[in-house]
Each structure stands twice: as structure tokens, then as C-alpha cells.
Amino acid sequence: MLRLQPHYPGLPIVLVSTQPGTVPSYSTFDAGPLLASLSVDALDLEVIDLDRPAYDDSELPF
């Protein structure tokens with residue numbers, strides 16, 4: 001979670017799984033119905049490399 005925060009500043013991060021017991025859970029609710037209601041085609045998916053520093057857009061390039 002701490003490694004993800006710099007990549008998404010100011011946004012909540014929720015880790016979910018559709019298979020109970022396969023990964024550590026950080027929620028107190030069943031994520032299955034929530035995930036089933038999402039259209040995967042409509043999601044804006046992004047791949048990040050946690051070994052690289054997060055892009056810093058706080059400074060202007062000029």
C-alpha cells in the first residue's frame with residue numbers, strides 16, 4: 001500500500017480479490033458483488049512499475 005500511494009496521490013486505494021482467501025484482505029466487505037457490477041471494458045487500466053519512482057508533476061517543466 002505504501003509503495004502505491006506515490007503513484008496515486010490523493011486517491012483512495014482499495015485492494016480487492018474475487019477469490020476469498022487467496023490474497024491478504026484489507027476490506028470488511030465482500031468485493032464480489034462490487035466487482036461483478038463493473039464493466040471491465042469501461043475501466044481505465046494502468047500498469048505501473050513499483051520499482052520506478054512515481055511521476056512527479058508538481059513542478060512545471062519550464
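Looking at region 6-62, which of the residues that are at pLDDT below 75 and outside any loop (DSSP other than H, G, I, E, B) is most open to solvent (accessible area, probe 1.4 Å)? The selected residue is V40. Scanning region 33-48 for residues that are under 13 Å from Y8 (Cα atoms) and not aliphatic (A, V, I, L, M) gives a single hit, E46.
The values are calculated or read from the model by the stated rules, or taken from the named source; none is laboratory data. Just so it is clear, the model here is predicted, and its values are computed rather than measured. Ligands, DNA and RNA are excluded from the accessible area calculation, which covers all protein heavy atoms including side chains. Shrake-Rupley method; radii C 1.70, N 1.55, O 1.52, S 1.80 Å.
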